[in-house]
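Student: Handing you this structure, nothing more for now.
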Amino acid sequence: MKLVVISADLSPPSPTRVLADRLADTTRWQLTAHGHEVDTRVVELRDLAADIAHVMETGSPGSDLRHAVKTVAQADGVIAVSPIFSASSSGLFKSFFDVLDNTTLTGKPVLLAATGATARHSVTPERALRPLFSRLRATLVPTTVYAATEDWGAACLADRIVRAGRELGSLMGGRAAITENTESVVPLKQ
């Protein structure tokens with residue numbers, strides 16, 4: 001199975017890429033446990049920034065961008081991760097999906113994730129990313145993952161990564177998404 005990770009981080013190393021890698025590891029583990037071989041490819045959008053700007057101006061993609069689009073088109077599942085800027089995905093992230101053909105992601109399982117500086121933007125994946133991918137008719141994993149700076153090392157982030165990876169692995173393997181509730185909820189009184 002082909003798993004494609006699309007990361008819109010702007011400079012390595014970044015929390016966005018770390019989150020993308022952890023989600024890919026969990027998804028790969030889920031698929032391997034069910035007997036699937038997994039070929040994981042990473043599309044780093046920062047390496048394609050000039051090509052993306054060029055194709056938006058001229059309509060003619062360069063060879064690296066054509067290769068990246070072909071890689072996404074051939075995927076059995078996609079993990080799409082963006083940093084959050086000004087309460088939305090990065091412009092580079094949005095522009096990449098603007099240049100994809102409208103049918104590229106149709107019916108393809110997609111896991112959405114984002115990183116940000118504070119928990120204030122934790123609903124951004126649901127508010128900004130989910131509508132974009134719904135419009136592209138992707139089959140969205142029920143769980144989205146958002147990681148704020150203070151979330152790294154917290155058990156709730158690790159649980160959410162595992163749950164989302166399991167859901168993507170299940171969808172890629174042809175099974176219904178497993179939606180186990182592994183998170184503990186903090187009562188409002190605290």
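The values are calculated or read from the model by the stated rules, or taken from the named source; none is laboratory data. Being a predicted model, the structure only gives us computed values, none of them experimental. When we count neighbours, we look across all protein chains shown, and the Cβ atoms used for this are built from the backbone with ideal geometry, even at glycine. Quick note on the areas: whole protein, heavy atoms, side chains included, nothing else; ligands and nucleic acids left out. Shrake-Rupley method; radii C 1.70, N 1.55, O 1.52, S 1.80 Å.
Student: Please find the FRET efficiency linking Ala158 to Glu44, where r is the Cβ-Cβ separation and R0 is fixed at 22 Å, and quote it to the nearest 0.05.
Tutor: Details: r = 24 Å, r/R0 = 1.10.
Efficiency computed from Cβ-Cβ geometry: 0.35.
Student: Restricting to DSSP H runs of at least four residues, report the calculated mean residue ellipticity at 222 nm for the chain, -39500 (n - 2.57) per run over all residues, nearest 500 deg cm²/dmol.
Tutor: Working: 6 runs with 73 residues, N = 190.
-12000 deg cm²/dmol, from helical runs alone.
Student: Another question, if that's okay. Does the range 51-142 classify as rounded, prolate or oblate by the C-alpha gyration tensor (a ≥ b ≥ c root eigenvalues; a/c under 1.5 gives rounded; else a/b over b/c gives prolate, otherwise oblate)? Could you put the intermediate results ahead of the total?
Tutor: Details: a/c = 2.20, a/b = 1.35, b/c = 1.63.
The shape class here is oblate.
Student: Let me ask something else about it. Limiting things to C-alpha atoms, what are the Rg and the maximum Cα-Cα separation (Dmax) for the range 82-132, in angstroms?
Tutor: 11.5, 34
Student: Any idea what the relative contact order of the range 1-81 is, in percent, if you count C-alpha pairs under 8 Å spaced at least 6 apart?
Tutor: Computed value for the range 1-81: 51 percent relative contact order.
Student: Moving on to the next point. Using label points projected 7 Å from each Cα along Cα→Cβ, tell me how many nm separate Trp29 and Ser134, to one decimal.
Tutor: 3.1
Student: Rounded to whole Å, give me the distance from the Cα center of the range 50-71 to that of the range 85-122.
Tutor: That distance is 18 Å.
Student: Another question, then. Please compute the modelled spin-label separation between Glu150 and Val123, points set 7 Å along Cα→Cβ, answer in nm with one decimal.
Tutor: Here the modelled spin labels are 1.8 nm apart.
Student: Rounded to the nearest percent, how much of the accessible area of the range 85-144 (1.4 Å probe, protein heavy atoms only) is carbon and sulfur? Could the numbers behind the result be given before it?
Tutor: On the way: 1380 of 2570 Å².
Here carbon and sulfur together make up 54 percent of the probe-accessible area.
Student: Work out the count of Lys pairs in the chain where the Cα-Cα distance is under 26 Å, with the pair 8 or more places apart or on different chains.
Tutor: Working: Lys2/Lys70; Lys2/Lys94; Lys2/Lys108; Lys70/Lys94; Lys70/Lys108; Lys94/Lys108.
Going through the chain pair by pair, I get 6.
Student: So what is the relative contact order for the range 1-159, in percent, with contacts set as C-alpha pairs under 8 Å and at least six apart?
Tutor: Once normalised by length, the contact order is 24 percent.
Student: Checking understanding here: applying a Kyte-Doolittle mean of at least -1.0 and a length along the axis of at least 24 Å (C-alpha), which whole DSSP H helices in the chain pass?
Tutor: Details: long enough: 15-33 (27 Å, -0.44); 155-172 (26 Å, 0.43).
Qualifying helices: 15-33, 155-172.
Student: Among bridges DSSP assigns within the range 1-140, what percent are antiparallel (round to 5)? Intermediate results must be reported in sequence, preceding the final value.
Tutor: Details: 2 of 21 bridges.
Bridges in the range 1-140 that DSSP calls antiparallel: roughly 10 percent.
Student: Once you order the gyration tensor axes a ≥ b ≥ c over the Cα atoms, which shape class does the chain get: rounded for a/c under 1.5, otherwise prolate or oblate by comparing a/b with b/c? Please report the intermediate quantities before stating the final value.
Tutor: Numbers: a/c = 1.83, a/b = 1.27, b/c = 1.43.
It is oblate, given that a/c is not under 1.5 and a/b is not larger than b/c.
Student: Quick check for you: with a 1.4 Å probe and neighbouring chains kept, what is the accessible area per residue of the chain, in Å²?
Tutor: Working: 9270 Å² over 190 residues.
For the chain, the solvent-accessible area averages 49 Å² per residue.
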